[in-house]
Amino acid sequence: MVATEAPMSAPLELGFDYTRSLGPVLSRFVTALRDRRVEGVRGSDGRVHVPPAEYDPVTGAPLSEPVEVASVGTVLTWSWMPTPMEGQPLDRPFGWALVRLDGADTALLHAVDAGDPARMRTGMRVRIRWAEQTVGHITDIACFEPLDNPVSGDGRDGDDRHSRPPTSENPVTMITTPVHLHYRHSASLEESRYLRGLKRGRLLGQRCPECGKVYIPPRGACPTDGVPTEEEVELPDTGTVTTFCIVNVPFLGQRITPPYVSAYVLLDGADIPLMHLVLGCAADEVRMGMRVTAQWRPREEWGSTLGNIDHFRPSGEPDAEFESYAEYL
């Protein structure tokens, strides 16, 4: 019996800062939060929406009549969070609740720092506990707390004496929300062989026994014929640019200064292109059919990743005929 290496797995983290611009309605809402106030908006039927709706739920028309509401309210429904997760409002057990603030007709979802689920109940009265520093974000509301909690007097627990008067100066027009996702990815047996091959400087694909197509990275089964792809094929590190994009816009985490090229490269002998960078020439010199070769990182930097190839660069060969890659566009 041939020994099979165990599938590879590793923790992965995806993260980015989600930034969006605010229209006039949401700008007023978060600017009011910065001032430790809550503003909703009135709809055509007279209802006050908190958080504010930008468009009327009844007519679809834009809404523009702001209404200030209280920092105390009533729990309409709730659930208990015994084990808080990363990024949640509190690091200790708390209640998630829909809270209708006094003066509003809709409910706001937020955390209630009740301390014990026995204190949570539908109809309980709560007040806002403000963040120590308010910046113009929903997180300016640190959480809600039972109204019968002692008032600290520092302005964080819904004491309206510490709110700031409405102002049109320096309104908040943009918000940034960090987004993070942590998980463990387990590769298939086929992917694991491919990744281990990369660590040795090899590009390993698999061939379909029915149509003969070679897939890299290997998929374990041919998407056309639905049969296992068991024959391993080692491919060279040369190929042809099929399509490409010139990146001109800078973004967070970018390691290369624009303009540069991201392209689909069809490795010689493969039947599906892979995406990678094409460097080593001016961005406007990259073209469909350009022949390229891999520029590997120093061997001591290799790991189980396609990042072992830093980029592809022009090989100097004549361009490939369009017919040779037309079906792979």
message: From the phi angles alone, apply the Karplus equation (6.51, -1.76, 1.60; θ = phi - 60°) to the range 260-267 and give each ³J(HN,Hα) in whole Hz, x where the residue is Gly or Pro.
response: 8, 10, 10, 9, 8, 10, 8, 5
query: Short version: ³J(HN,Hα) in whole Hz for each residue of the range 276-287, in order, from phi by Karplus 6.51 cos²θ - 1.76 cosθ + 1.60 (θ = phi - 60°), x for Gly and Pro, what are they?
result: 7, 7, 10, 10, x, 7, 4, 4, 6, 8, 5, 8
field: Sequence-separation-based contact order of the chain, relative, with Cα cut under 8 Å and 6+ spacing, percent
entry: 14 percent
- line: With all protein chains present, the chain has a carbon and sulfur share of its accessible area (1.4 Å probe) in percent of 53 percent
- prompt: Once Rh for the range 1-62 is found with the Kirkwood sum over Cα pairs, what is the Stokes-Einstein diffusion coefficient at 25 °C and 0.890 mPa s, in µm²/s?
  reply: 156 µm²/s
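Using only alpha carbon pairs under 8 Å that are at least six residues apart, calculate the relative contact order of the range 272-329 and give it in whole percent. Working shown, then result.
Details: 65 pairs, mean separation 25.3, N = 58.
Relative contact order for the range 272-329 comes out at 44 percent.
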task: Could you work out how far the C-alpha centroid of the range 292-318 sits from that of the range 169-214, in angstrom?
output: 18 Å
- prompt: Using only Cα atoms, what is the ratio of the radius of gyration of the chain to 2.2 N^0.38 Å?
  reply: 1.44
task: Find the relative contact order for the range 179-250 and round it to a whole percent, using C-alpha pairs within less than 8 Å whose residues are 6+ positions apart.
output: 25 percent
- request: Kindly write out, for the range 60-67 in residue order, the coupling ³J(HN,Hα) from the Karplus curve 6.51 cos²θ - 1.76 cosθ + 1.60 (θ = phi - 60°), rounded to whole Hz, with x marking Gly and Pro.
  value: x, 6, x, 9, 8, 8, x, 9
- line: GNM on the chain, Cα springs under 10 Å; top mean-square fluctuation among A131, A107, A282 goes to A282
Heavy-atom accessible area per residue - the range 1-101, 1.4 Å, Å²: 56 Å²
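With the other protein chains left in place, how much accessible area per residue, in square angstrom, belongs to the range 172-312 at a 1.4 angstrom probe? It would help to have the intermediate numbers written out before the result.
Working: 7370 Å² over 141 residues.
Accessible area per residue, the range 172-312: 52 Å².
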- request: Taking each pair of different alpha-carbon atoms in the range 1-127 once, compute 1/r for the pair, average those values, and report the inverse of that mean as the Kirkwood hydrodynamic radius in Å to one decimal.
  value: 17.5 Å
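The values are calculated or read from the model by the stated rules, or taken from the named source; none is laboratory data. Values in this document were obtained by computation on a predicted structure and should not be read as measured data. We work out accessible area using only protein heavy atoms, side chains counted, and drop any ligands, DNA or RNA first. Shrake-Rupley method; radii C 1.70, N 1.55, O 1.52, S 1.80 Å.
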